[in-house]
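Here it is: the structure, laid out below.
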Amino acid sequence: MSGWISNTGPRQDGKVAMVKDLEIKSYCAEITTTGVNNQTSVSFPDESQYIGTTLPWLNLHLKHLGRFTTIVVELETEDGVSRKLSISNHNSVIKLEIENASLPLKLVEGWNKIVLNLADLCERIW
């Protein structure tokens with residue numbers, strides 16, 4: 001994860017590490033914290049750098065280890081409006097607000113493939 005920085009929040013109780021997964025026999029990023037209300041984020045060191053795309057799809061491969069998992073995606077509409085989409089296996093209901101949305105996430109043991117059509121979700125939510 002050369003060139004990336006990690007932020008483990010004010011409690012400094014998170015961890016970002018490259019670990020070898022024995023199931024897929026490859027390295028992957030392990031991003032963890034000690035509590036459900038704590039945060040760990042990974043980003044570029046310069047705020048002007050970001051993973052930006054006009055493509056509407058976000059593909060994630062997550063290994064469920066029996067812990068709560070939340071993924072927050074920051075979106076910007078064509079009109080320049082910022083929105084946050086949060087998906088979590090800690091939530092069981094959909095929560096919609098003007099600029100934020102929280103959706104439940106169902107994970108099974110082992111590796112999960114999550115495919116989000118961000119354009120379709122934004123159209124349906126906002």
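The values are calculated or read from the model by the stated rules, or taken from the named source; none is laboratory data. As the structure is a prediction and not an experimental result, all values here were calculated from the model. Heads up, the Cβs are rebuilt from the backbone with ideal geometry, glycines too, and the neighbour counts pull from every protein chain shown. For accessibility, only protein heavy atoms count, side chains too; no ligands or nucleic acids. Shrake-Rupley method; radii C 1.70, N 1.55, O 1.52, S 1.80 Å.
For segment 67-96, enumerate the residues that are in contact (Cβ under 8 Å) with a residue 24 or more places away in the chain, among the basic types (K, R) and closer than 25 Å to V108 by Cα.
The answer is R67, and nothing else.
Which condition breaks for K113 when tested against (1) open to solvent by 90 Å² or more (accessible area, probe 1.4 Å); (2) within 22 Å of G14 (Cβ to Cβ); (3) assigned to a strand (DSSP E or B)?
All conditions pass for K113, except number (2).
Restricting attention to segment 65-106, which residues are surrounded by 11 or more Cβ atoms within 10 Å (Cβ to Cβ), at pLDDT 90 or above and either in contact with a Gly (Cβ under 9 Å, 6 or more places away or on another chain) or charged (D, E, K, R) (or both)?
Scanning segment 65-106 gives R83, K84, K95, E97.
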